[in-house]
1. Among the residues of segment 83-95, write down those that are assigned to a helix (DSSP H, G or I) and either touching a Phe, Trp or Tyr at 6+ places or on another chain (Cβ under 8 Å) or buried (at least 21 other Cβ atoms within 10 Å of the Cβ) (or both).
2. Based on this model, can you work out whether A117 counts as modelled with pLDDT of 85 or more and either surrounded by 15 or more Cβ atoms within 10 Å (Cβ to Cβ) or touching a Ser or Thr at 6+ places or on another chain (Cβ under 8 Å) (or both)?
3. Only residues that are acidic (D, E) and buried (at least 17 other Cβ atoms within 10 Å of the Cβ): list them for segment 16-54, please.
4. Return yes when L80 is within 13 Å of L122 (Cβ to Cβ), touching a residue at least 60 places away in the same chain (Cβ under 8 Å) and part of a helix (DSSP H, G or I) and no when it is not.
5. Residue check: is D33 among the acidic types (D, E) and over 30 Å from V128 (Cα atoms)?
6. State which residue pairs qualify: first residue in contact (Cβ under 8 Å) with a residue 12 or more places away in the chain and closer than 11 Å to F58 by Cβ and inside segment 113-135, second residue of a type in the set (S, T, N, Q) and assigned to a helix (DSSP H, G or I) in any location, beta carbons under 8 Å apart, and separation of 6 or more residues or different chains.
7. It is to be established whether one or more residues within segment 80-94 are within 22 Å of W130 (Cβ to Cβ) and over 13 Å from the mean Cα position of the chain (by Cα).
Amino acid sequence: MRLSNVSPRQWVKGAAVALAAFGALGTISALWDNPLFTRMTPAGGWEIGLLGGLSVLFGLYVTIRRPACADRTAGVGGVLGFLGVACPVCNKILLLLFGGELLLTYFEPVRLYVAAAGTALLAGAVIVEWRRGLSLTGASEQMAGPVSREAI
């Protein structure tokens, strides 16, 4: 799938997903002050950058995605990316499963690496999806064969 073959509607859809992901995930993880959520641990500069990259990759994945494809890698990458940029103490599920002391001792030091790994997984899913689209486009062009001027 060549990016020039992507319809304008798909580009708009991908941009909307990227903006929605950035706004929603940034608000939920309280990377900026908002009345809905309060962050218990300070956020550094890397979290917003990783969230921006993650959001762009979400949008690009939606833009080039085919309707019948597997989304596991993209889903795992998205979840890891979100867990990496979110406040570990604010995440009630992680807090319930592991406890605050364990999260702050073991998860907080590697949190940005988890976000980077999630972003890398999502980037890998985008690359794989793009290559699959390219190979399918090439295969359908080969099956059609050359078009002669007489046929037109």
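1. First, the residues of segment 83-95 that are assigned to a helix (DSSP H, G or I): 83-85, 92-95.
Answer for segment 83-95, where residues must be assigned to a helix (DSSP H, G or I) and either touching a Phe, Trp or Tyr at 6+ places or on another chain (Cβ under 8 Å) or buried (at least 21 other Cβ atoms within 10 Å of the Cβ) (or both): G84, V85, L94.
2. Values: modelled with pLDDT of 85 or more: yes; either surrounded by 15 or more Cβ atoms within 10 Å (Cβ to Cβ) or touching a Ser or Thr at 6+ places or on another chain (Cβ under 8 Å) (or both): yes.
Considered against the rule, which asks whether it is modelled with pLDDT of 85 or more and either surrounded by 15 or more Cβ atoms within 10 Å (Cβ to Cβ) or touching a Ser or Thr at 6+ places or on another chain (Cβ under 8 Å) (or both), A117 comes out as yes.
3. Of segment 16-54, the ones acidic (D, E) are 33, 47.
Passing the criteria: only E47.
4. Numbers: within 13 Å of L122 (Cβ to Cβ): yes; touching a residue at least 60 places away in the same chain (Cβ under 8 Å): no; part of a helix (DSSP H, G or I): yes.
No, not satisfied.
5. Details: among the acidic types (D, E): yes; over 30 Å from V128 (Cα atoms): yes.
Criteria met by D33.
6. Going by the 8 Å Cβ cut-off, the qualifying pairs are L122/T73; A125/T73.
7. If we filter segment 80-94 for residues that are within 22 Å of W130 (Cβ to Cβ), which is where we start, we get 80-81.
Next, only the ones that are over 13 Å from the mean Cα position of the chain (by Cα) stay: none.
Scanning segment 80-94 turns up no residue that is within 22 Å of W130 (Cβ to Cβ) and over 13 Å from the mean Cα position of the chain (by Cα).
Each row is one residue, and each column tells you yes or no for (1) under 12 Å from the mean Cα position of the chain (by Cα); (2) assigned to a helix (DSSP H, G or I); (3) in contact (Cβ under 8 Å) with a residue 40 or more places away in the chain.
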| residue | (1), (2), (3) |
| --- | --- |
| W11 | no, yes, yes |
| V17 | yes, yes, yes |
| F22 | yes, yes, no |
| P35 | no, no, no |
| I48 | no, yes, no |
| V56 | yes, yes, no |
| A74 | yes, yes, yes |
| L97 | no, yes, no |
| E108 | no, yes, yes |
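The values are calculated or read from the model by the stated rules, or taken from the named source; none is laboratory data. None of the values given here were measured: they were computed from a predicted structure. Glycine also receives a Cβ, built like all others from the backbone with ideal geometry; neighbour counts cover every protein chain displayed.
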